[in-house]
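The structure appears right after this line, and notes come after that.
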Amino acid sequence: MIYVTISAMLDVPPPEADHAVRPAAGDSRANALATLGFAALTLGSLAIPWADYQDGSAGSLSWSGFDIMGDPKPVSDSIGSVVTCLHVLQWLSIGLIVLSALRLIVPASRLAWLSLLAATVLAVCAALAAFQLHSKLQGIDAVAPSMRAGPVVTALAAVLCLIAAGRGPAARRAGPRTQPGKQPGTRP
């Protein structure tokens, strides 16, 4: 009698409605966490040195992205467009962090599309800031500052954020779609 009862309990499949909903929510949550992490990495990469200046008497002076946003004059007077891109990068990264945290709380597909749009602009601004800084520093003569790894790391982090955000709308739709009480693969 006990053998039959345990056997009957083991043969019962899990409810399909709960099983069908969990993968989509789990994928969407993982995607929001990945986007959050890469947006935070993009923001944090602004603290890496973007340019340095070799001064014979003072040694080497390095400027991070935050330093350039604060006072671009030590690097060059003509990098106003780079400073603008850095400010956009900073605020878009903060916005993506908030948006990703909101996606963890409210799993709406519109938020995933908004994250994708913001991450696209973030990646474009990061690449534009890196190329503009490189071209502006090439035009300075005499003892010119040189570009460091900061712009490349920021652009790479922004592209990774774009890839993660690009998977957001698809992650929201992932998982089998079944109606409650229906078995997957059966006809109505």
In the range 3-25, is there at least one residue being under 26 Å from ALA164 (Cβ atoms), in a helix (DSSP H, G or I), touching a helix residue (DSSP H, G or I) at 6+ places or on another chain (Cβ under 7 Å) and modelled with pLDDT of 75 or more?
no
So LEU96, is it open to solvent by less than 10 Å² (accessible area, probe 1.4 Å), at pLDDT 85 or above, in contact with a helix residue (DSSP H, G or I) (Cβ under 8 Å, 6 or more places away or on another chain) and not hydroxyl-bearing (Ser, Thr, Tyr)
yes
So which of ILE140, ILE105 is out of contact with any Asp or Glu (no Cβ under 7 Å at 6 or more places or on another chain), among the β-branched types (Val, Ile, Thr) and at pLDDT 85 or above?
ILE105
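The values are calculated or read from the model by the stated rules, or taken from the named source; none is laboratory data. The structure presented is a predicted model; accordingly, all values stated were derived computationally and were not measured. We place every Cβ from the backbone using ideal geometry, glycine too, and count neighbours over all the protein chains shown. Each accessible area value is taken on the protein alone, full model and side chains, heavy atoms only, with ligands, DNA and RNA left out. Shrake-Rupley method; radii C 1.70, N 1.55, O 1.52, S 1.80 Å.
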